[in-house]
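What follows is a single structure, written as structure tokens, with notes after it.
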Amino acid sequence: MKILVSVKRVIDYNVKVRVKSDHTAVDLTNVKMSMNPFCEIAVEEAIRLKEKGVASEVVVVSVGSKSCQETLRTAMALGADRAIQVETEDGLDSLSVAKLIAKVAQDEAADLVIMGKQAIDSDNNQTGQMVAALLDYPQATFASEVAIENGEAQVTREIDGGLQTLAITLPAVVTTDLRLNEPRFASLPNIMKAKKKPLDVKTPADLGVEVGSNVSIVSVTPPPQRAGGIKVGSVAELVDKLKNEAKVVS
Amino acid sequence: MSVLIIAEHDNKSLKPATLNTVTAATQIDADVHVLVVGFECQTVVEQASQVAGVTKVLVADNAAYEHQLAENVSKLVVEVSSDYEHILAPATTTGKNTLPRVAALLNVAQLSDVIKVEAADTFVRPIYAGNAIATVKTTDAVKVLTIRTTGFDAAASTGGNAERQVLSQVIASDRSRFLKEQLAESDRPELTAASVIISGGRGMGNGENFKLLEGVADKLGAAIGASRAAVDAGFVPNDLQVGQTGKTVAPDLYIAVGISGAIQHLAGMKDSKVIVAINKDEDAPIFQVADYGLVADLFDAVPELEKSL
Ligand SMILES: Cc1cc2nc3c(=O)[nH]c(=O)nc-3n(C[C@H](O)[C@H](O)[C@H](O)COP(=O)(O)OP(=O)(O)OC[C@H]3O[C@@H](n4cnc5c(N)ncnc54)[C@H](O)[C@@H]3O)c2cc1C
């Protein structure tokens, strides 16, 4: 079984985000970038399936400018076998990215596509579902448990009301939630080895995919700031404030 | 042109998130239709047709739709989509599961977590865990949006009298099967609809200690929430997680207990009207967003709070 995993290079989750003063975008100059945490979980899941003998090959794909090769190398250091960069400008919209990944999945004849449920920059939570729709594959989003058996994936999903388990026929798309696994760290020898693993570069034209979007950004602004609050000295004072000042408790 | 909303429901009742979505829809166009896809969901249809502002309810009631699998629902929505310029669903796990599929099949973008309607083609949505607010404009023929419920008031659940239309299409994928569900049962208000929430974090120490929060929740009629750390540690189930990747809430009162206030947690609750933080570390970032901060050991403060309410 062949697994395709997509990874995205995003602002590190620990970085405090700042909006550019001209309100056109978030300021990414000299900001630490990392693999999107949900993509790390996707890579880890694929590698575990390979270690269990369920998968034979793990291919990792990223869509973006040259800098995302770094993220692909990280994925290979974690255990992916080879990588494909689809070279585009950064910040393509979800539908374009989904079209590119869907085409790669098709060309690679991947049995399973594992993707993060959302990227922590655009917070869209769409691309996996779109890949599934474009390929007419079944999907299991927000996965917290995946078991592969008899050409099927049994996937437990984190939903608003609790947990739901689906059985989907491969080929299929799974998107990862936080509790699917705890990603490993890459060891130094594996980081060295990853440098020699194959990394192909393709363009949207190579894939025969047209990219573009009808959505444009009007502005990006900082969120409204909360007015600073106060410290109370005791539970009694807290209750008094809630009753008589904020009036949220009767 | 009319707006189509995909109803959030469990075949038994219409979920409040639908009502907030109706309000968003009425800001786009006065003609609001609601699609109820489910199985034996007649009461949901009744409820949907009474919602103020809803003019028409489309009903697809079939065993194939019992679990609202995205593969089936998305194709059904696409079949009726030619009558609409806007297709909306609440930004719940159901809406997020289905709407991107609808958008991809229609070859249009999908805009997630819309918090404000500026115009019929211009919408506001948070990005980067709410640390930036993007205003976006779309020229797509069909605008497909998930609506963050905290951005819009709930429409009145009564006062409407919508006509009904039955959809007879049955779309049943044989490649996705429902196996089972473990749904949380609680007498407390739903987290996303509660006016008071008390949430616990890693500082709670274990699941047993969440009982302390229940005492306060009982007195305030509150829902109980949690940080990711508390869920990861197994103190409480995943459906309680508040944050960037959990639920977004904006109650009148949010009490954070033993929660440090990581940006990912703040993303889900910082629009609450009044925020209280109880934490023994006076430098915890949660105090920067708290209206009332109490530096104390929660094991002293929470029982005392319960007694004084
Ligand atoms: C991709 C990604 C997504 C994430 N999504 C979410 C999300 O949706 N929601 C979320 O919550 N987190 C999320 N996180 C995790 C987030 O970064 C934090 O790790 C998490 O919120 C921390 O939870 P906490 O505040 O309970 O734990 P900690 O940060 O460990 O804080 C515990 C707090 O309890 C206090 N405390 C301890 N004992 C006591 C006591 N006896 N009395 C009083 N106070 C006490 C401590 O002083 C401390 O401030 C995400 C992280 C990533 C990378």
| message | Suppose we keep only residues that are assigned to a strand (DSSP E or B) and at the interface with chain A (Cβ under 9 Å from one of its Cβ atoms) within the range B:236-251. Which one would you say is farthest from the ligand (Cβ to nearest atom)? | response | B:LYS247
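Conditions (1) more than 22 Å from the chain's Cα centre (by Cα); (2) closer than 22 Å to B:ALA193 by Cα; (3) at pLDDT below 95, marked per residue:
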site: B:LEU35; (1), (2), (3): no, yes, no
site: B:THR43; (1), (2), (3): no, yes, no
site: B:HIS67; (1), (2), (3): no, no, no
site: B:SER81; (1), (2), (3): yes, no, no
site: B:ARG101; (1), (2), (3): no, no, no
| remark: Screening A:VAL63, A:VAL58 for residues that are surrounded by 23 or more Cβ atoms within 10 Å (Cβ to Cβ), more than 25 Å from B:GLN244 (Cβ to Cβ) and more than 14 Å from chain B (Cβ to nearest Cβ) leaves only A:VAL58
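Let's see how each residue does on (1) more than 14 Å from chain A (Cβ to nearest Cβ); (2) in contact with a helix residue (DSSP H, G or I) (Cβ under 6 Å, 6 or more places away or on another chain); (3) part of a loop (DSSP other than H, G, I, E, B):
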{"position": "B:ALA154", "(1), (2), (3)": "yes, yes, yes"}
{"position": "B:ASN161", "(1), (2), (3)": "yes, no, yes"}
{"position": "B:ARG177", "(1), (2), (3)": "no, no, no"}
{"position": "B:LYS180", "(1), (2), (3)": "no, no, no"}
{"position": "B:GLU185", "(1), (2), (3)": "no, no, yes"}
{"position": "B:ARG188", "(1), (2), (3)": "no, no, yes"}
{"position": "B:ILE197", "(1), (2), (3)": "no, no, no"}
| field | Residues of the range B:118-143 that turn out to be closer than 13 Å to B:ALA24 by Cβ, aliphatic (A, V, I, L, M) and crowded, with 21+ Cβ neighbours inside 10 Å, as a count | value | 0
| task | Considering only residues that are over 13 Å from B:VAL196 (Cβ atoms) and open to solvent by 50 Å² or more (accessible area, probe 1.4 Å), look in the range B:264-284 and name the one that is farthest from the ligand (Cβ to nearest atom). | result | B:ASP271
| Only listed residue being within 12 Å of chain A (Cβ to nearest Cβ) and more than 20 Å from the chain's Cα centre (by Cα), chosen from B:LEU220, B:LEU213 | B:LEU220
| Got at least one residue in the range A:148-161 being within 7 Å of chain B (Cβ to nearest Cβ) and open to solvent by less than 10 Å² (accessible area, probe 1.4 Å)? | no
| message | Condition check: more than 13 Å from every other protein chain (Cβ to nearest Cβ), among the aliphatic types (A, V, I, L, M) and near the ligand (Cβ under 9 Å from one of its atoms). Does B:ILE259 satisfy that? | response | yes
| query | Which of (1) touching a residue at least 60 places away in the same chain (Cβ under 8 Å); (2) more than 16 Å from the ligand (Cβ to nearest atom) does B:ASN131 not meet, given it meets every other one? | reply | (2)
| remark: Given the conditions (1) open to solvent by less than 30 Å² (accessible area, probe 1.4 Å); (2) near the ligand (Cβ under 8 Å from one of its atoms); (3) touching a helix residue (DSSP H, G or I) at 6+ places or on another chain (Cβ under 6 Å), every one holds for B:VAL216 apart from (2)
| said: Just to be sure I understand, how many residues within the range A:195-250 are among the basic types (Lys, Arg), in contact (Cβ under 8 Å) with a residue 40 or more places away in the chain and surrounded by 15 or more Cβ atoms within 10 Å (Cβ to Cβ)? | reply: 2
| field | Qualifying residues in the range A:122-143 (those that are facing chain B (nearest Cβ under 7 Å) and open to solvent by 20 Å² or more (accessible area, probe 1.4 Å)) - the one farthest from the chain's Cα centre (by Cα) | value | A:LEU134
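Scan A:ALA77, A:ALA119 and give me the residue that is open to solvent by less than 40 Å² (accessible area, probe 1.4 Å), modelled with pLDDT of 95 or more and in contact with a helix residue (DSSP H, G or I) (Cβ under 6 Å, 6 or more places away or on another chain).
One residue alone meets the criteria, A:ALA77.
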| query | Scanning for something buried (at least 24 other Cβ atoms within 10 Å of the Cβ) and facing chain B (nearest Cβ under 10 Å), does the range A:104-115 turn up at least one residue? | reply | no
| task | Scan the range B:192-208 and give yes if some residue there is open to solvent by 10 Å² or more (accessible area, probe 1.4 Å) and within 20 Å of B:SER112 (Cβ to Cβ), otherwise no. | result | yes
| Within the set of pairs 6+ apart or on separate chains, which have a first residue in the range A:78-96 that is in contact (Cβ under 8 Å) with a residue 12 or more places away in the chain, a second that is of a type in the set (Asp, Glu) and not in a loop (DSSP other than H, G, I, E, B), and C-beta atoms under 6 Å apart? | A:ASP81/A:GLU57; A:ILE84/A:ASP200
| said: Would you confirm whether or not the range B:69-76 contains a residue that is assigned to a loop (DSSP other than H, G, I, E, B) and of a type in the set (A, V, I, L, M, F, W, C)? | reply: yes
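The values are calculated or read from the model by the stated rules, or taken from the named source; none is laboratory data. Everything quoted here is computed from the prediction, not taken from an experiment. We place every Cβ from the backbone using ideal geometry, glycine too, and count neighbours over all the protein chains shown. Heavy atoms of the whole protein, side chains included, go into the accessibility calculation; ligands, DNA and RNA do not. Shrake-Rupley method; radii C 1.70, N 1.55, O 1.52, S 1.80 Å.
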